[in-house]
1. Being aliphatic (A, V, I, L, M) and exposed (fewer than 15 other Cβ atoms within 10 Å of the Cβ) is the filter here; which residues of the stretch 48-74 pass it?
2. Just one of 225, 128, 161 is under 21 Å from residue 301 (Cβ atoms), open to solvent by 10 Å² or more (accessible area, probe 1.4 Å) and either of a type in the set (Phe, Trp, Tyr) or at pLDDT below 95 (or both); which is it?
3. Is one or more of the residues making up the stretch 69-90 over 30 Å from residue 233 (Cα atoms) and not assigned by TED's automatic domain parsing to the domain that holds residue 208?
4. Need pairs with beta-carbon distance below 9 Å; first residue closer than 24 Å to residue 112 by Cβ and open to solvent by 20 Å² or more (accessible area, probe 1.4 Å) and within the stretch 191-211, second of a type in the set (S, T, N, Q) and more than 16 Å from the ligand (Cβ to nearest atom); sequence gap 6+ or separate chains.
5. If you go through the stretch 18-56 one residue at a time, how many are touching a residue at least 24 places away in the same chain (Cβ under 8 Å) and of a type in the set (A, V, I, L, M, F, W, C)?
6. Look through 97, 105, 75 and report the one residue that is out of contact with any Leu (no Cβ under 8 Å at 6 or more places or on another chain) and in a helix (DSSP H, G or I).
7. Output the residues belonging to the stretch 240-266 that are more than 16 Å from the ligand (Cβ to nearest atom) and open to solvent by less than 10 Å² (accessible area, probe 1.4 Å).
8. Only one of these conditions is not met by residue 335: (1) within 12 Å of the ligand (Cβ to nearest atom); (2) among the aliphatic types (A, V, I, L, M); (3) out of contact with any helix residue (DSSP H, G or I) (no Cβ under 8 Å at 6 or more places or on another chain). Which number is it?
Amino acid sequence: MKDWLSLLACPVLRHPLKKANGELAPETNSSPAITYPILDEVPWLFPDPKHTLHEWRERSLALLNHLDGEIGDLKASASETESHLAKTRIENLRLLKIRHFEFLKKTLEPLKPSKVGQKGALEKSRAFGYRLPLRQGLLGYFPNLIRDWSAHFEDENRISFAAVKDLIPSDAETVLVLGAGGSRLAYDVAKAHPTTTVIAFDLNPILLFAAHSLNRGKSAQAAEFSVSPKDPSRPGQIVTLEAKLGSAPNLHFVFGDVYHLPFAAESFDVCLTPWLVDILPRSVDCLLAGISQVLKPAGRWVNFGSFRFDFSDTAENIGHDELTERCLKFGFSQLTRQQLEIPYLQSPFDAHRRFETVSLGAWDKTGNTENVIPTPIDDRAVWIQNSKLPIPALPVFQSSSATHAVMALVLSLVDGQKSLGEIALIVAAEHGMSEDDALEATASFFDRFLNDRRFREFT
Ligand SMILES: C[S@@+](CC[C@H](N)C(=O)[O-])C[C@H]1O[C@@H](n2cnc3c(N)ncnc32)[C@H](O)[C@@H]1O
């Protein structure tokens, strides 16, 4: 079996990596010198490893603090209610949240979020203008992790593997699963092909660390929250996550970004993208270029999952035939394509029932790929990329500047002493508003601040 570390490469310059002092470093000296940590056996191969590590730590810490606050609020709420039934229901929810908190804290331990301690601004991304995809939060795909490893979803996992299994050649030496998430499909592939090196690749620390730990034979108790509980007094349940078939030693995990694939060129026989293509923020061409580059000649791309693009640029909201047309540019010819209907996240505890008509397709890299060079992606505005250019006076900056000035003033006035009325009087004086208008605006601001998902959603 291939030494899986030899498949890895620096995500920016594609230099081979060597292991030194518990980290990975390019074999050829790079400038600036850069090293990639290995966290609990999982290489952290983002283009700007320090910055992303810091950012995910901050996000993890914010998430844990947020959950801790919720648990405290539930305790207060349970003690305030007089109804015994309500008390029991709230207490059940609190116990579920405690389990959730403990599972996440343990899973995120390799990131060491507890050591961050102070708030501090995020380090500026120095190298290569890289930043984490903002839309990818920590808990976005948590239900998929529960689905992947708990017994009551076994049928769904079986159906997914059955759909792709015949598309993976039995002699494949290496398989890369991009956006592997909870990694059950990667695990099933690894179990079915024990001599194949399988790499589960994702950017989400909760999903990948949890999958890695389960694949090492450790089971875990996690909270499953129902979308629409059959019994509304039971918002969720504690479930056991485990890899029932035991560890797959040929399955490895790598952190990184699909737009900066940290793998040597032409190193995989198969690249699998389960439920990935249509949730990514850039033209599918960017993904295809990267896949084409890491696949061996005659390698295969297998795509499985939903297929509905939602770009503001309509040209990118492609149909199935357009995908095949675009594939040609990257040396891929279509082997097969079909649609099938499958159950999706159907928990027996949930009143919600979802079926998805998913797309399943395979493309072989048979054509010329000489011109396929993924261009480094930096989609920041040109005046951010070039600090010497003037920043354009966009209307959105002007309107936001006024809004943020008021928000900053209101928040800075909160000192634990002043009432809403007192703060409104200051706002009225500072912004030339009538006292009634200022009171209404300030009250509505605080109400939204505490309840609006946009302010609270940092997970
Ligand atoms: C819809 S989920 C699918 C997860 C898994 N394949 C499944 O079927 O449950 C998409 C996955 O892609 C990952 N992802 C999103 N953007 C990514 C990126 N730029 N690089 C690597 N992974 C990414 C997410 O963290 C998430 O695990």
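1. Just the residues of the stretch 48-74 that are aliphatic (A, V, I, L, M), to begin with: 53, 61-64, 67, 71, 74.
Matches in the stretch 48-74: none.
2. Working: 225 fails: under 21 Å from residue 301 (Cβ atoms); 128 fails: under 21 Å from residue 301 (Cβ atoms).
Matching residue, one of 225, 128, 161: 161.
3. Step one: filter the stretch 69-90 for residues over 30 Å from residue 233 (Cα atoms), giving none.
Checked the stretch 69-90: no residue is over 30 Å from residue 233 (Cα atoms) and not assigned by TED's automatic domain parsing to the domain that holds residue 208.
4. Qualifying pairs under 9 Å: none.
5. 8
6. Details: 97 fails: out of contact with any Leu (no Cβ under 8 Å at 6 or more places or on another chain); 105 fails: out of contact with any Leu (no Cβ under 8 Å at 6 or more places or on another chain).
Going through 97, 105, 75 in turn, just one is out of contact with any Leu (no Cβ under 8 Å at 6 or more places or on another chain) and in a helix (DSSP H, G or I): 75.
7. 248, 250
8. (1)
The values are calculated or read from the model by the stated rules, or taken from the named source; none is laboratory data. Computed from a predicted structure; not experimentally measured. Counting neighbours? That spans all protein chains shown, and the Cβs are built from the backbone with ideal geometry, glycine included. Side chains are part of the model used for accessible areas, which takes the heavy atoms of the whole protein and leaves out ligands, DNA and RNA. Shrake-Rupley method; radii C 1.70, N 1.55, O 1.52, S 1.80 Å.
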